[in-house]
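K.L.:
Structure in structure tokens, see below.
Just so it is clear, none of the values below were taken in a lab; they were calculated from the coordinates. The model shown is predicted, which means the values in this text are computed figures rather than measured ones. Using ideal geometry, Cβ is built from the backbone for each residue, glycine included, and neighbour counts are taken over all protein chains shown.
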Amino acid sequence: MARTETPRRIRGTQDIFGDEQRRFAHVLSTFERVRALYCFQRIDIPVFESTAVFARSLGETTDVVSKEMYTFEDRGGDSLTLRPEFTAGIARAYLTEGWQQFAPLKITTSGPVFRYERPQKGRFRQFHQIDAEVIGAAEPAADVELLVLADQLLRELGIADGVTLQLNTLGDAETREAWRAALVAHFEAHRGELSEDSLTRLEKNPMRILDSKDPKDRPIADSAPDIDTYLTPEARAFFDAVTAGLDAAGVAWERNARLVRGLDYYRHTAFEFVTDRLGSQGTVLAGGRYDGLIGSLGGPETAGVGWAAGVERLAMLLDEPAAAGIDAVVVPMGAAAEARATGIVADLRRAGVAVEMAYKGKMKARMAKADALGARFAIILGDDGLAKGVGAVKALATGTQTEVAFADLAEALR
């Protein structure tokens, strides 16, 4: 009979366990706690959408759409795509679910996202993001609130040291159009010196040349005109209001005039929290204002601003979190004690006490297990104790031991 081959984990995916899972969970629990302080509502949206949702929102010419999306045809013949990010699905939900009535809407979500890219440190094909958005607020105060939320999250995770908020403005539609024309003229004048990738971008997405990593492109990108020359008074006032709000909230920032977003629906604020602690891929949280997105999906023109962060990347920056301690380990000695222990353990757990059962091995091995689990107490059940209705409660830190009636165990352990 042929031996069945053991299945393998798919490349670019991960099984998260132990210390790694504790870091991961700590990021998510801290995010949930901080978003509640800012009165953001939690939402959950589908893992897959109609492919058109992402093609229209991310732009047909972007690498994500052309190279990285997991797209498939379902049994009904519809083209579906696993979400490569959250914002497009949230915008779709805002339109189809009638959430306009709740605007301005402050929402967060988290979960897996999918991109077919080359796996590397901190990057996977199925990875996880946290996401925060404000939809229906055109005021710079919304940008400020999201940035202060992000800053507080990084502080409460204990990873703010060495992380810098880089900020830029992309201006309003009028600003962007004038700047884009100036960039095209500049890059056309240097066409012969640009990389192949940047020549493609010049036709489809010229702003992306500004953040090219190709050494060939850097001198040309660095000498390109700045957006400040083309800012309308309204766009300048918006950016000034954002920076003044950050200053008032005590959030440090620095200007990065080369920070861009290639898609036309991005407006005004663009930002990244960056660090040098993750090698060259130093962005830990990024976002911006996307006032043109919902209009591009066929809805009414609606203001929006948001950010996303990779859970794995944040988790990599954390100090090792302590394993969750437990209150007690029940150690039953003998068949009668094991039978009685099942009920005692169930009662303790219902009373809110974290309890594990050590029912294998000799007494020494079971007590060693209690120590290894970080338990505060061991509850030893033997035949004598059963007859009297008591358990021997041993404090593992001091070794002191007392008899406690079964009915009083939960109170004693607290």
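K.L.:
Could you give the length gained on full extension between Ala25 and Lys360, defined as 0.36 nm per residue of separation minus the Cα-Cα distance, in nm?
P.N.:
This chain segment gains 117.6 nm when fully extended.
K.L.:
Could you identify which residue out of Ala324, Ala182, Ala132 has the top mean-square fluctuation in a GNM of the chain using Cα springs shorter than 10 Å?
P.N.:
Ala324
K.L.:
Now, a different point. Return the label of the correct value of percent of Cα pairs over 33 Å apart, as calculated from the structure shown, out of [x] 48; [y] 32; [z] 35.
P.N.:
[x]
K.L.:
Using +1 at the Cβ of each Lys and Arg and -1 at the Cβ of each Asp and Glu in the stretch 189-255, identify which of Phe238, Pro225, Ala189 lies farthest towards the dipole's positive end.
P.N.:
Positive-most Cα among the choices belongs to Ala189.
K.L.:
Hey, got a sec? Which chymotrypsin sites (Phe, Trp or Tyr not before Pro) in the stretch 308-414 land in a DSSP loop and have at most 16 other Cβ atoms within 10 Å?
P.N.:
Those satisfying the criteria are Tyr359.
K.L.:
What is the distance, in nm, between label points placed 7 Å from the Cα along the Cα-to-Cβ direction at Ile326 and at Thr13?
P.N.:
Here the modelled spin labels are 2.9 nm apart.
K.L.:
Which residues' amide hydrogens lie under 5 Å from the amide hydrogen of Asp172, considering only partners 5 or more residues apart or on another chain, with H built in the peptide plane?
P.N.:
Thr232, Ala235, His268
K.L.:
If amide H atoms are built 1.01 Å from N in the plane of the peptide, which residues on other chains or at least 5 residues away come under 5 Å of the amide H of Leu285?
P.N.:
Phe273
K.L.:
Still on this structure, please answer the following. Under a point spin-label approximation (7 Å from Cα along Cα-to-Cβ), what is the Asp371-Arg350 distance to one decimal in nm?
P.N.:
Once both label points are built, they end up 3.5 nm from each other.
K.L.:
Roughly how tilted is helix 335-350, in degrees to the nearest 10 and between 0 and 90, from the longest Cα axis of the chain?
P.N.:
Rounded to the nearest ten degrees, it is 40.
K.L.:
For the stretch 88-152, run through the trypsin sites (Lys or Arg not before Pro) and keep only the ones in DSSP coil with at most 12 other Cβ atoms within 10 Å of their Cβ. Kindly include the intermediate steps, with their values, before the conclusion.
P.N.:
Working: sites: Arg92, Lys106, Arg115, Lys121, Arg123, Arg125; in loops: Arg115, Lys121, Arg125.
Here the trypsin sites (Lys or Arg not before Pro) that fit, given the DSSP loop and packing criteria, are Lys121.
K.L.:
May I pose another question? What percent do you get for the relative contact order of the chain when only Cα pairs under 8 Å and 6+ apart count?
P.N.:
Normalised by residue count, the contact order of the chain is 15 percent.
K.L.:
Within 10 Å, count the other beta carbons around each residue, average over each peptide in 78-85, 41-48, and list them highest first.
P.N.:
78-85, 41-48
K.L.:
May I pose another question? Can you sort Asp74, Asp151, Asp327 by how many other beta carbons sit within 10 Å, fewest first? Before the final figure, lay out each step's value.
P.N.:
Working: Asp74 9, Asp151 21, Asp327 18.
By the 10 Å Cβ count, ascending, the order reads Asp74, Asp327, Asp151.
K.L.:
For the residues Leu210, Leu293, what sequence is obtained by ranking on other C-beta atoms within 10 Å, fewest first?
P.N.:
Working: Leu210 21, Leu293 28.
Ordered by Cβ neighbours within 10 Å, fewest first: Leu210, Leu293.
K.L.:
Hey, with R₀ at 51 Å, roughly what FRET efficiency would Glu156 and Ala387 work out to, going by the Cβ-Cβ distance, to 0.05?
P.N.:
0.50
K.L.:
Still on this structure: Would you pull out the residues with amide H under 5 Å of Phe377's amide H, same chain only if 5 or more places away, H placed 1.01 Å from N?
P.N.:
Ala328, Val329, Leu396
K.L.:
Which ³J(HN,Hα) values, rounded to whole Hz and listed in residue order, are derived for the stretch 188-201 from phi using the Karplus coefficients 6.51, -1.76 and 1.60 in 6.51 cos²θ - 1.76 cosθ + 1.60 with θ = phi - 60°, glycine and proline given as x?
P.N.:
For the stretch 188-201, the Karplus curve yields 4, 5, 10, 3, x, 9, 7, 5, 4, 4, 6, 5, 5, 5 Hz.
K.L.:
Taking the stretch 1-60, which GluC sites (Glu not before Pro) meet the DSSP loop condition and have no more than 16 other C-beta atoms within 10 Å?
P.N.:
Glu5, Glu60
K.L.:
Take Lys213 and Ala103, extend 7 Å from each Cα along the Cα→Cβ direction, and tell me the distance between the two endpoints in nm.
P.N.:
Computed distance between label sites Lys213 and Ala103 equals 3.7 nm.
K.L.:
Show which lysines lie in cross-link reach of Lys388 when reach means a straight Cα distance below 30 angstrom and same-chain residues fewer than eight apart are skipped.
P.N.:
Qualifying lysines at Cα under 30 Å: Lys360, Lys362, Lys364, Lys369.
K.L.:
Moving to a separate point now. State whether the stretch 328-413 is rounded, prolate or oblate according to the following rule on the C-alpha gyration tensor (a ≥ b ≥ c being the square roots of its eigenvalues): a/c under 1.5 gives rounded; otherwise a/b larger than b/c gives prolate, and the remaining case gives oblate.
P.N.:
Here the stretch 328-413 falls in the rounded category.
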